[in-house]
1. Can you give the Rg and Dmax of region 182-311 based on its C-alpha atoms, in angstrom?
2. Past 22 Å, Cα to Cα, is the threshold; run K467/K570; K486/K586; K220/K284; K284/K364 against it and keep the listed order.
3. Using every Cα-Cα pair within the chain, state what percent have a distance larger than 31 Å.
4. How much accessible surface does E20 have with a 1.4 Å probe, in Å² rounded to 10?
5. Mind listing the Cα extents of region 259-368 along all three principal axes, in Å, largest one first?
6. Determine which aspartates and glutamates satisfy two conditions relative to K340: a Cα distance under 19 Å, and not lying fewer than 8 residues away in the same chain.
7. Write out the trypsin sites (Lys or Arg not before Pro) in region 531-600 meeting two conditions: DSSP loop, and at most 14 other Cβ atoms within 10 Å of their Cβ.
8. Among the trypsin sites (Lys or Arg not before Pro) in region 330-374, which ones are in a DSSP loop with at most 14 other Cβ atoms within 10 Å of the Cβ? Mind listing them?
Amino acid sequence: MIRQEIIRLIQNSIQGLQKEKRLLKFETPEILVERPEEKMHGDYAVGIALQIAKDVKMNPIKVAEMIKLEAERVCQRTKLNIFEKIEAAQPGFINFFLTKEYLIQQLHKALQEKERYGSSEKGKNKIVVIDYSSPNIAKLFGVGHLRSTIIGQALYNIYKFLGWKVIGDNHLGDWGTQFGKLIYQIKDKGLKGRSQKEKTIFFKDLTIEALERLYVDFHKESQINPKLEEKARNWFKKLEQGDKETKEIWQVCCNISLKEFDKIYALLGIKIDYCLGESFYQDKMKPIIEDAAKKGISRKSQGALVIPLPGSKIPFMLLKSDGATTYGTRDLAAIKYRMKKWKPNLIIYEVGADQKTYFEQLFKTAEILNYGKKEQFIHIAHGLTRRKHGKFSTRKGQTIHLEGVIKEAIEKAGQIIERSETSRGLSKQEKKKVAMAVGIGAIKYNDLSQHYSRDIIFDWNKILNLKGNSAPYIQYTFARCRSVLKKTKAEGDETLLYLANLVIKKKSDRDFNREESELLRMICKFPEIIEEAAVKFSPNLICNFAFDLAKEYNLFYNLHQIIKAETKEKRIFRLALTCAVAQTLKNALSLLGIFAPEKM
Ligand code: ARG
């Protein structure tokens, strides 16, 4: 990677200057390599001279010039020929300009590596567990879980592309005191006084909405009659003790919910490796409690069992005062289990920002118990999804039906496609497939295109905007590239690679126009963007990149002839460029979990 190359080059240059005593000794600060926005500042820039100047009490531009000259010498000596120019710029930057040969080489690489372009082996031998989606049984799949599913899956794809071993785990909310409430509603109310036949019908008719209503009703009633809470606690106790009938009811609730969740996963094209819900840890919590006692870490506090945390007033709760286990106990058991089974370097939790404090405490506790180091755990705390007017809320039983929302997106996408000129000639079946890709792509992109920590707005006009920063816009640009390529004889990829080879041989003696050069630089940048997205857990960087690339291609397309280019050489080059742009867009979309149709 160029960044590493530049860091090494700067380090060598500084050492060289120090050896010759032209620079004083100092502690080399971290070298940050940036990608300047403006092309006139080069492809990469380093501001290190500004920092060094302070240490050695010199003029920053002087330091930058010294390093630049030394870097040029090192390049010559080590035969590093990827930079056309290195320059020192005010007030003390060092700018690097890539050679045309290098840019062309990357273009060639994109054409050759195809769907693997941008991937690497950097994560080899590294393991990451991603805890994502994790909806709750007996509740609707909410917009928060949708966000977790979409961002979690994108992170999964990105890490995998970089060579990591990735394990996805859906930490289903299928255990806990809330089930006591539900079972109370079913046993003491729903089934009371019914015949066996009526009972069977009752269960057959149960839907996820009905379950959620039971839950909401419980809360309303328990406000008037606080004794209900006690009853619910007893039911959960029975469940934890393994009572057969209680467990059967619980299982029915799980099955109803899982069927609903699976519908949503199928629509979104999501498959999560494991689905070890909270209930999986039923028998794995006792050892945790014993372990904490043995290590002398847990304390009794007002009847509950807790682990005090240094620097925090609130301790971590292992057992409630009625002896019931907690969400946290199950998370500790999950950490221990994952560490033993997969030995991950990292566990990523893609969960809403409302659980921020909880995860901080969980990670601290896990470290105290010696199950892992704090740095091994990371909470990707996503923001809320809001409606353009008002917010999505399930609290007062005011639920939104996600499946309905997704289907609406597909329908709306279908209408757009029906109106679009480029979709002419698509069969009904094909149009349906495209509508699916566009509708779902639009929803996913809306969740991914902003930094995860920010709240997002759900606004149909923006989501499906064919001209703005949206998935359909990028998909449309991809289809445009493909249509250009199909119009030429250079359809087959092999032909294109052959053409690209010709380009490599001949290209370096001609200048590129602004758009060509910009597209080349962007294609070159793609592998770095993916790495940055992984390090920062930020798929939005890939969205931004894809959007910029699509915009740049459309500009190029509008300003320049491709098939009717002035010379054969230009035509070949522009076709190769088109092919590489298409591939890069497709790879970017695929990392985001978005399908790129050939036509739309
Ligand atoms: N089911 C939980 C909720 O909806 C999210 C679980 C997140 N994962 C975890 N390991 N705690 O709030």
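1. Rg then Dmax for region 182-311, in Å: 18.7, 58.
2. K467/K570; K220/K284
3. Values: 108823 of 179700 pairs.
That fraction is 61 percent.
4. 100
5. 47, 31, 29
6. Counting by Cα, and skipping residues close in sequence, K340 has these aspartates and glutamates nearby: D131, D169, D273, E278, D283, E290, D291, D331, E367, E375.
7. Passing both the DSSP loop test and the Cβ count: K536, K564.
8. Taking region 330-374 and a limit of 14 other Cβ atoms within 10 Å, the loop trypsin sites (Lys or Arg not before Pro) found are K373.
The values are calculated or read from the model by the stated rules, or taken from the named source; none is laboratory data. What you see is a predicted model, and the numbers here were worked out from it, not measured in a lab. So basically every Cβ, Gly included, is an ideal-geometry build from the backbone, and we count neighbours across all protein chains shown. The accessibility values were calculated without ligands, DNA or RNA, using every heavy atom of the protein model including side chains. Shrake-Rupley method; radii C 1.70, N 1.55, O 1.52, S 1.80 Å.
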